[in-house]
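Notes follow the structure.
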């Protein structure tokens, strides 16, 4: 789409230049004095404005690309944070159940402690991945 837009723009620019030179040639052929565009509408003025436009568009395109990359990075951080929150919630719930005296035997308590240690190692690993 952008490529097609550029082709159309260059075609339009070429048509403007061709029309200007065609008018100049016809005026000269008819023995009339050459047309001199008013200030700011000369061919070199159009060329410099064209260059500024392209530079501006390139800057905007670069800024948009950088913003898109930044947004994707933020989304990845948010997903990582959500995973950590979910893990932390599970750990907190387990601790709450433990502190309320829900455990009836030592084997159940040991399995929960092993699970909590596993969760803790996993959270530590996730923290190191940043």
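The values are calculated or read from the model by the stated rules, or taken from the named source; none is laboratory data. What you see is a predicted model, and the numbers here were worked out from it, not measured in a lab. Virtual Cβ from ideal backbone geometry, glycine too; neighbours counted across all protein chains shown.
The number of residues in segment 1-40 that are within 36 Å of the chain's Cα centre (by Cα) and more than 30 Å from residue 61 (Cβ to Cβ) comes to 0.
In segment 118-130, the residues that are in the same structural domain as residue 80 (by TED's automatic domain parsing) and closer than 15 Å to residue 94 by Cβ reach residues that are in a helix (DSSP H, G or I) and at pLDDT 70 or above with C-beta atoms within less than 7 angstrom, at least six apart or across chains, in these pairs: 119/87; 119/90; 119/91; 122/87; 123/84; 123/87.
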